[in-house]
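The values are calculated or read from the model by the stated rules, or taken from the named source; none is laboratory data. Computed from a prediction, not measured in an experiment: that's the story for all the values here. Note that each Cβ is placed from the backbone with ideal geometry, even for glycine, and that neighbours are counted across all protein chains shown.
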Amino acid sequence: METVRRRAFMKGAAAGALAFTVGGTEVLMLPREARAQKVPLKVLSAEEAGRLEAVSEALVPGARDAGVAHFVDQQCSVPPHEALLGIRIANVRPPFVNFYRAALNEIDRQCQASHGKPFAQLTAAEQHAFIGTMRVGKHPDWKGPPAQQAIYGAFRTDGVDVVYGTVEGSEKLGVPYMAHILPPTRW
Amino acid sequence: MAIQEKVDVAIVGAGPAGAIFADVLTRAGKKVVVLEYGPDWDDNQLISSEIWGRRIKHAPRFQLAGRNNPGHGSNAGWGTGGSMLHWFANFPRLMPNDFKVKSLYGKGLDWPISYEDLSPYFDRIADDIGVAGDAAAERRWHPVAKNYPMPPLKSFRHGDIFVDAFKKHDIPLAPMPTGINSTEYKGRPACIYDGWCHVGCPTGAHATPQWTHLKEARAKGTTLRPYSYVTRVLTNPAGDRVTGVEYYDAKKEQHVQPAGVVVIAAYSAETPRIMLNSVSDKHPNGVANRNKLVGKYLMCHSGANVWALFDEDVQNYMGTTATSWMSYEHYDKRHPKKGFGSAWYLFGAAMKLNVNIAGARPDLYGSALTDFMKRAARGLARVNVYGEVMPNAENRVELGSDKDEFGLPIARIIHAYDQDAIDLYNDSQDRALAIVKSANPREAWKGGGPVPGTIHLLGGTIMGTDASNSVTNSYGQTHEVGNLYLAGGGLFPTEGSVNPTNTLMAVSLRGAEHMAKNFSAIAS
């Protein structure tokens, strides 16, 4: 009982927030909710967000609806030392949005060269095959940085974060989250 | 530029080494200021999330080079507590042979001190911070003088499931000594095994500087200045004394902090950066770098891991990031069939979904990843083997071509494994896979690729007998400038293959007490 009481006490001590701007006001919400409510993006364009969602969804099913684009966009808008992105600890130097833009541009350049259309318009099988080649760094004539494997790792991490790195993600897999201090907006 | 009031001691970095120096010197009646680059974390800010936990690590600001670069971001801490705020809390110590590698094996370097010199400090650190473990079980491998103040932590099925497999391979085990409370200790509660140690534990069960030395130091008068980015150490015109440090605050305003003694405890990459940028006519290579050894002999540990998927619920979401079990049985540096260096087994750590479990099969994506996550969420377990890497002067920190926002060069980290390290890693992977398979999992596989991953960052400002072979003496006092001390894992001439924090803290306590005892002579 002592343990339960202590944990319950600490849940109330949550600090910090993942803040989205709605109508000029900062609102705490899930990226999933931000996407559903079409909260304006801060850094990425809508077109860039769509391209990012396509790659992320192919890597980690569920990432699109979980709000991966809003997550990445919001995190690219904060100072680097406040960012929660996986690339922060993977030695990618800020500004982080440069990494995503370069990655998306090169992915689509490659897809245009090989299939005559961008990644988002490939079939599911074509997307899967493209990522498989990217994972092992075998797309020829790749214009980096970022390197192919670095993009695979970073985009996969973002997708895994929004789908599985949350209280909601744990609950879906039947795993107790057991927070000392719950993430604000369940992040 | 603002000139601060002179203090007895200015310490750069509020991690475990800096905190110990602050605690000891403040107790000795000295006026101490600690300058910390990052924020002053409060326990209420330590959110239980792999995602939010990234905030307590260093945002990248380094140039990287070399075939196998450990980088900096996942190792270094940012803010009070330093890397110990996100440490796993494994608390082993280096073995006696680690201090005499050159003498015993003809490779690597020797420390200027022995295990016996540090032994009483290991015991005192254990009492200071609270260590849970079973010293009697460890004495088959090395002389642990005193028993630990607490019994071992509780173990869970994801670790215990391998115990019989190790027995089958004639590998004795001991409970991992941990810097986590198994019982209430010094007013701090016992662990509740929720597995969030590495993102910052707000309960106080996890022995971070916030709950131990830094807390004590601040209570006794140490001044902490967060968001203070130190750029240079300042010296007198003769170049034989440091006079203080230069730093920028959160508003990007420049300050000078005059001090009788300066201690740089800013981790293995940033300590050399500050020293190399501290150029003057008397120190054209950077302060205390006449021998050009500052930045040299940077080391990391190699990390081998083998995964196993069981059909049963192994409770992998429970426990601590410290493992339940460990073994030094294959620690002899000549034990591997191929390669050279110590190997150390550890297993039974809690896992979280988006890092450990998704990371166990980094090759999977799409529906295969979805399927794996469902199967592994409760059934995944792991055995790790940490490997030693010999010191090599070519692995180093130097000043990069890029500049920071104040116009000074940032650090460039250069690192590559030698063949001994790669062979040791592969040997360890093979041994661990054989052990894991003996536990009869549904699936077992090696993590990582043909070249090891990297863990920890050590060396770069090594200690030694004199200026011909090192930057500092055994206390961390630089050979060239008597009132400039260095502290932390950067002092290690060799690294063994265990987590470094225990040894780092013992070395820091020894150095801080030497300074306190001889303060008048050092500071005058």
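Only one of the numbered conditions (1) part of a loop (DSSP other than H, G, I, E, B); (2) within 14 Å of another protein chain (Cβ to nearest Cβ); (3) within 21 Å of the chain's Cα centre (by Cα) is violated by B:SER83, and that is (1).
A quick yes/no check of all residues on (1) touching a His at 6+ places or on another chain (Cβ under 8 Å); (2) over 29 Å from B:THR494 (Cα atoms); (3) modelled with pLDDT of 95 or more:
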{"site": "B:ALA343", "(1), (2), (3)": "yes, no, yes"}
{"site": "B:MET351", "(1), (2), (3)": "yes, yes, yes"}
{"site": "B:VAL355", "(1), (2), (3)": "no, yes, no"}
{"site": "B:ALA358", "(1), (2), (3)": "no, yes, yes"}
{"site": "B:GLY387", "(1), (2), (3)": "yes, no, yes"}
{"site": "B:MET390", "(1), (2), (3)": "no, no, yes"}
{"site": "B:ALA393", "(1), (2), (3)": "no, no, yes"}
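With the structure loaded, tell me whether B:GLY490 is among the small types (Gly, Ala, Ser), at pLDDT 95 or above, in contact with a Gly (Cβ under 6 Å, 6 or more places away or on another chain) and not in a loop (DSSP other than H, G, I, E, B) or whether it fails that test. Against the criterion (among the small types (Gly, Ala, Ser), at pLDDT 95 or above, in contact with a Gly (Cβ under 6 Å, 6 or more places away or on another chain) and not in a loop (DSSP other than H, G, I, E, B)), B:GLY490 qualifies. Considering (1) away from chain B (no Cβ under 11 Å); (2) touching a strand residue (DSSP E or B) at 6+ places or on another chain (Cβ under 7 Å); (3) among the polar types (S, T, N, Q), the lone condition that A:SER77 does not fulfil carries the number (2). The number of residues in segment B:354-374 being polar (S, T, N, Q), surrounded by fewer than 18 Cβ atoms within 10 Å (Cβ to Cβ) and farther than 21 Å from A:ALA125 by Cα comes to 0. Regarding segment B:103-126, can at least one residue be identified that is modelled with pLDDT of 95 or more and within 13 Å of another protein chain (Cβ to nearest Cβ)? So far as segment B:103-126 goes, no, none of its residues is modelled with pLDDT of 95 or more and within 13 Å of another protein chain (Cβ to nearest Cβ).
Scan segment B:375-414 residue by residue and report those that are buried (at least 18 other Cβ atoms within 10 Å of the Cβ), over 19 Å from B:HIS58 (Cβ atoms) and aliphatic (A, V, I, L, M). Passing the criteria: B:ALA376, B:ALA377, B:LEU380, B:ALA381, B:VAL383, B:VAL385, B:VAL389, B:MET390.
Does B:GLY221 qualify as being over 22 Å from the mean Cα position of the chain (by Cα), under 20 Å from B:LEU399 (Cβ atoms), of a type outside the set (Lys, Arg) and not in a helix (DSSP H, G or I)?
Values: over 22 Å from the mean Cα position of the chain (by Cα): yes; under 20 Å from B:LEU399 (Cβ atoms): no; of a type outside the set (Lys, Arg): yes; not in a helix (DSSP H, G or I): yes.
So B:GLY221 does not fit the description; no.
Conditions tested, residue by residue: (1) out of contact with any Ser or Thr (no Cβ under 7 Å at 6 or more places or on another chain); (2) among the β-branched types (Val, Ile, Thr); (3) more than 14 Å from every other protein chain (Cβ to nearest Cβ); (4) not in a loop (DSSP other than H, G, I, E, B).
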| residue | (1), (2), (3), (4) |
| --- | --- |
| B:VAL383 | yes, yes, yes, yes |
| B:TYR386 | no, no, yes, yes |
| B:ALA393 | yes, no, yes, no |
| B:ILE413 | yes, yes, no, yes |
| B:ASP420 | yes, no, yes, yes |
| B:ASP430 | yes, no, yes, yes |
| B:ILE435 | yes, yes, yes, yes |
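Conditions tested, residue by residue: (1) crowded, with 17+ Cβ neighbours inside 10 Å; (2) among the aliphatic types (A, V, I, L, M); (3) not in a strand (DSSP E or B).
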site	(1), (2), (3)
B:PRO172	no, no, yes
B:PRO202	yes, no, yes
B:TYR227	yes, no, yes
B:LEU234	yes, yes, no
B:PRO237	no, no, yes
B:GLU246	yes, no, no
B:ALA250	no, yes, yes
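Only residues that are farther than 12 Å from B:ASN395 by Cα, among the hydrophobic types (A, V, I, L, M, F, W, C) and more than 9 Å from chain A (Cβ to nearest Cβ) were counted in segment B:48-77, giving 2.
For segment B:437-460, check the following and say yes or no: at least one residue is in a helix (DSSP H, G or I) and either modelled with pLDDT of 95 or more or crowded, with 16+ Cβ neighbours inside 10 Å (or both). Before you say what the answer is, go through the steps one by one.
To start, the set of residues in segment B:437-460 that are in a helix (DSSP H, G or I) comprises B:437.
Filter again for either modelled with pLDDT of 95 or more or crowded, with 16+ Cβ neighbours inside 10 Å (or both), leaving B:437.
Yes, the conditions are met somewhere in segment B:437-460.
Checking each residue in segment B:23-47 for being of a type in the set (Asp, Glu), more than 9 Å from chain A (Cβ to nearest Cβ) and surrounded by fewer than 22 Cβ atoms within 10 Å (Cβ to Cβ) picks out only B:ASP40.
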